[in-house]
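First up is the structure itself, then whatever we jot down about it.
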Amino acid sequence: MAATSDGELTLELHGFLADRLATLGARRGTRTLIGVPIGGQECVGAVLARLVARDDRLALLYEADKQRLPEHVEVVLNDRLLDLQGGLEAELKAGDVLTFLPAHAGG
């Protein structure tokens, strides 16, 4: 998305997120993978805000007006919960994978 990107990170979507946003990326089984150009290091919140500003369908992943993740989504950065890595302030770099999992409820 940025003209001067240093590389790419991957958004990996699961469940209903993968289904609803399938046209934005490549399907791999039940997952949807979306490549996102990234210039240097950017924080998660900034990248997600930029993506939502360019395509409002991605508001399923980030509430840009409230600068937060939706309640129905858990996010993992490189196989570790995002909250344990600084949340929306966590720095991203080329090669990183942000995984979005729909939250499940039930008993």
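Which of the residues belonging to region 32-60 are in a strand (DSSP E or B), buried (at least 18 other Cβ atoms within 10 Å of the Cβ) and modelled with pLDDT of 95 or more?
T32, I34, V36
Taking G15, is it crowded, with 16+ Cβ neighbours inside 10 Å, over 13 Å from the mean Cα position of the chain (by Cα) and in contact (Cβ under 8 Å) with a residue 24 or more places away in the chain?
Values: crowded, with 16+ Cβ neighbours inside 10 Å: yes; over 13 Å from the mean Cα position of the chain (by Cα): yes; in contact (Cβ under 8 Å) with a residue 24 or more places away in the chain: yes.
Yes: the conditions hold for G15.
Conditions: (1) touching a helix residue (DSSP H, G or I) at 6+ places or on another chain (Cβ under 7 Å); (2) in a loop (DSSP other than H, G, I, E, B). V75 meets all but one. Number of the miss?
Every condition holds for V75 apart from (2).
Of all residues in region 53-100, how many are over 12 Å from L11 (Cβ atoms) and either among the aromatic types (F, W, Y) or out of contact with any Leu (no Cβ under 8 Å at 6 or more places or on another chain) (or both)?
Qualifying residue count for the region: 18.
What single numbered condition from (1) surrounded by fewer than 17 Cβ atoms within 10 Å (Cβ to Cβ); (2) farther than 15 Å from K93 by Cβ; (3) touching a residue at least 40 places away in the same chain (Cβ under 8 Å) fails to hold for R68?
So the condition that R68 fails would be (3).
The values are calculated or read from the model by the stated rules, or taken from the named source; none is laboratory data. Nothing here was measured: the structure is a model prediction, and the numbers come from that model. Note: ideal-geometry Cβ built from the backbone for every residue, glycine included; neighbour counts use all protein chains shown.
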